[in-house]
Structure formats: C-alpha cells, structure tokens
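A short worksheet on the structure shown next.
Bear in mind that the values in this text are calculations on the coordinates, not laboratory data. All figures in this text were calculated on a predicted structure; none of them were measured in a lab. Glycine gets a Cβ as well: all are built from the backbone with ideal geometry, and neighbour counts include every protein chain shown.
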Amino acid sequence: MSRTLAKILVFTLVVIGAFAYLGQLVPQFVEHPPQKVVITTTTDKADLAEFGKKLVRGKGGCLVCHKDQETGNERGPDLRKAAAQAPSRKPGTAAEDYLIESLKEPGAFVVDGYPNMMPAAVKPPAKMSMAEVKAVVAYLQVLAGGEPSVTILPEDVATAAAATGPVHRGRALMDTHACIACHSVAGEGGAIGPELTTVATRHEPATLLSKIRQPSTWTAEGFPAGVMPVGDAIPEGDLHEIVAYLASLAGKSYSATGATSPWSHEGLRLGLVILIFNLGMLLVLVLARRGERARGGASHG
Ligand code: HEC
Ligand code: HEC
C-alpha cells in the first residue's frame, strides 16, 4: 500500500513538474499582430520611403502600369527615373511639388509620348491619403538614389483619418468628453497633452484605460502632471470605446472583456493549464487503479 502511495506521490510530482514546465512555455504562444503603419508628422524619412515602397507595390496598384525595377510594365514612365527627371519636367514647378502633383492630379502634366490615362492616387481605387502620397514620393526619391525631402504636415495625417471612412464612435466620444481640447488624434485637436495617434503603440490598451480613469497612473514625459482631469465620471462603455479607438489607430485590437474572454490569450492559456492538470490527475488515478488490481490479482492467484 505504501508503495502505491509513493508511486502516486512521484507521479503527481512528475505531473506538476511537467505542468510547471509547460506553463512557462505557453506564454511564448502569444502572438502579437503585425503593427499597422501609422504615418505621423514625426515618422522617420527612411521608414516613410519603406512604407511608400509597400504602397507602390501593393495598395497603390502602380505596377499595373509602371515598373520600379528592371522588369515590369511600361504603360507609364519608369518610376526609377521619376525623381531624377522631376526637376526638369514642368517649368516653374519644384521636383517634390511635381511628384506630388503627378500623383494627385496626373492630368495636370502629361509626360511626352504617354497617354493621359493615370488615375489620381488620391481617388479610388488607390484612394491614398496625402500622408501616403508623400510616402510614395519619399520612395521615388530614394529609388532615384536621392534623399527623401517630403515633410508630413498635420493636415496630411488628418486626411489619412478622414479617408478611412465613417467616424469611429470612440473618436466621437473624444469630442464629447473634451479630450480633443487637449489632445490631438490623427492631426486634429489641441496640444496641451501628448498626441494620441500612436499612444497605443507605447502603452497596452488596458493600461490606457486606467490612465484615462486616473491620470496620476503615469505622467507622459515632457508634459505637466495634474492637468488632465480625472475620468472616473466618464461612463464605463465610453471609456472602452475610446480605448478601442486608440488601439485601432495602432493596429491593435481591444475588447472590453479583454483578459476574461475565453478566446483571449489569457483565457486560452488558463484553459490549457486546466486541461493538462486534469489529464495528469486522470493518468495518476488510472495507474493507481492498475497497480491495485495487479497486486489484488497476485494475492488471489
Ligand atoms: C493605368 C496606368 C497607370 C497607373 C495605375 C499609374 N500610373 Fe503613373 N503614369 C501613367 C502614365 C501613362 C504616365 C505618363 C503620363 C502622365 O504623365 O500622366 C504616368 C506618370 C506618372 C508619374 C510621372 C512620371 C514622370 O516621369 O514624370 C509618376 C511619378 C507616376 N506616374 C507614379 C505613379 C504611382 C506612384 C502610381 C500608383 C499610385 C501610378 N503612377 C499609377 C500610368 C499609370
Ligand atoms: C485639460 C487637458 C486634458 C484633457 C481634457 C484630457 N487630457 Fe489626457 N493628458 C493631458 C496632459 C497634460 C497629459 C500629459 C501628462 C500626463 O500624462 O498626465 C495627458 C496624458 C494622457 C495620456 C497619456 C499619453 C502618453 O503618451 O503617455 C492619455 C492616454 C490621455 N491623456 C488620454 C486622454 C483622454 C482619452 C481624454 C478624454 C477622456 C483626455 N486625455 C483628456 C491633458 C488632458
């Protein structure tokens, strides 16, 4: 009997050990969704050009007519030369302005020998924001061996938000609760507090919630403490909407139920741990029963 007990004890320890080992492995399964590129007035020029390259090759649909490498379509001029030729294309128009115009209003200057067929990049199907147009121009400049000269202005970012369609409820609630008086999002609003377009790339959405409820949670660098009003009178649902909006600007998802949802990483992790624990216990019981039966059989036979 004591041998059975000892066996159970050893087995339980093994199971708990395995369970602890797996437990510390599991967090590695947590996936972080790729972060959406958010162009802001402070985006690094090299990143801007890199983003422009993605636009030209993807959403922009530019390669249907142009090429940006040796092989490709030639319905339109070779994009590798565009920035180098820009200074001499349209008299009285600076290179950067010409490139921006050739995307915004391709018909304003039609390159010799080509038909006026290019759709404006700011209209469907590409439907780029001004910030995206400037990112493409940065790419064209780099492509021609130069340095990006474009500057993203607050209004370029504002059109980026406007271009994405209906107003998010969280954005509307930032008007309702006057956040906009002190903060700007996507180029609109005040400058008493930090710009919030990218705040969710710096802080997890759940911590933003506690910051809005209780501003003393932390103080953003370079800004005065005690200016932001306590938000505990803001209805819970409104807080969640605002946080969901700020999270979406950073390409993150946020749900009010968050960690308590069975489909969240937290919930799955807990479920897995419970499953492993139960399987282990079941195994211990089965083995104990077997051992008992084997001994019982021996004493009878
Ligand atoms: C349906 C074909 C078509 C598509 C799609 C198209 N273009 Fe064009 N593009 C042209 C043609 C044709 C010209 C030359 C005539 C003109 O100037 O409008 C041109 C001209 C240009 C120029 C001026 C080049 C120079 O050498 O002066 C630039 C820059 C340019 N396109 C960039 C783009 C970018 C970036 C995209 C994607 C957002 C794009 N184009 C999409 C056909 C197209
Ligand atoms: C009277 C001005 C004012 C109002 C109104 C205000 N804030 Fe703030 N907020 C600030 C200031 C100043 C800071 C920076 C100092 C600090 O962290 O407390 C800040 C910081 C923040 C931060 C942290 C930013 C970071 O980069 O760390 C968030 C998030 C935030 N506010 C969200 C909101 C939201 C959402 C609202 C509306 C419900 C709001 N604020 C209303 C002034 C304000």
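Things worth noting here:
- Normalised per residue, the volume of the convex hull around the Cα set of the chain (Å³): 230
- Cβ-defined net charge surrounding Ile212, 14 Å radius [Lys, Arg +1; Asp, Glu -1]: -3
- Bridging of Lys211 to lysines at a Cα separation below 19 Å is possible for Lys252, once same-chain residues fewer than 8 apart are set aside.
- Taken along the Cα-to-beta-carbon direction at a fixed 7 Å, the label points for Asp175 and Glu221 span 3.4 nm.
- Dividing the helix sum by the residues of the chain, where each DSSP H run of 4 or more adds -39500 (n - 2.57), gives a mean residue ellipticity at 222 nm of -16500 deg cm²/dmol.
- Helix 130-143 and the longest principal axis of the Cα set of the chain meet at an angle near 80°.
- Point-to-point label distance, Val64-Phe19, nm (Cα→Cβ direction, 7 Å offset): 5.9
- Crossing angle, helix 265-300 versus the chain [Cα axis fit, 0-90 degrees, rounded to tens]: 20
- Applying a DSSP loop filter and a limit of 13 other Cβ atoms within 10 Å to the GluC sites (Glu not before Pro) in region 62-127 leaves Glu70, Glu74.
- For the chain, the dipole from Cβ point charges (+1 on Lys and Arg, -1 on Asp and Glu) about the Cα centre works out to 1700 debye, to the nearest 20.
- On Cα atoms only, tilt of 154-163 relative to the major axis of the chain in degrees: 70
- Taken over the alpha carbons of region 166-252 as equal point scatterers, the Debye sum produces base-10 log I(q)/I(0) values at 0.16, 0.19, 0.23 Å⁻¹ of -0.55, -0.81, -1.29.
- 14 Å beta-carbon shell around Cys179, net charge (K/R +1, D/E -1): -1
- Expressed as a whole percent, the proportion of Cα-Cα pairs in region 45-155 lying more than 26 Å apart is 7%.
- Couplings for region 4-15, taken from phi via the Karplus curve 6.51 cos²θ - 1.76 cosθ + 1.60 with θ = phi - 60°, read 4, 4, 4, 4, 4, 4, 4, 4, 4, 4, 4, 4 Hz in order; Gly and Pro are left as x.
- Counting only lysines at least 8 places from Lys123 when in the same chain, those with an alpha carbon closer than 26 Å to its own are Lys36, Lys45, Lys53, Lys54, Lys59, Lys67, Lys81, Lys90, Lys104, Lys134.
- Sequence-separation-based contact order of region 45-155, relative, with Cα cut under 8 Å and 6+ spacing, percent: 33
- Spacing of the two label points (7 Å from each Cα toward its C-beta) at Ser253 and Arg202, in nm: 2.7
- Of Tyr21, Tyr139, Tyr114, the one that fluctuates the most in a GNM where the chain has Cα springs shorter than 10 Å: Tyr21
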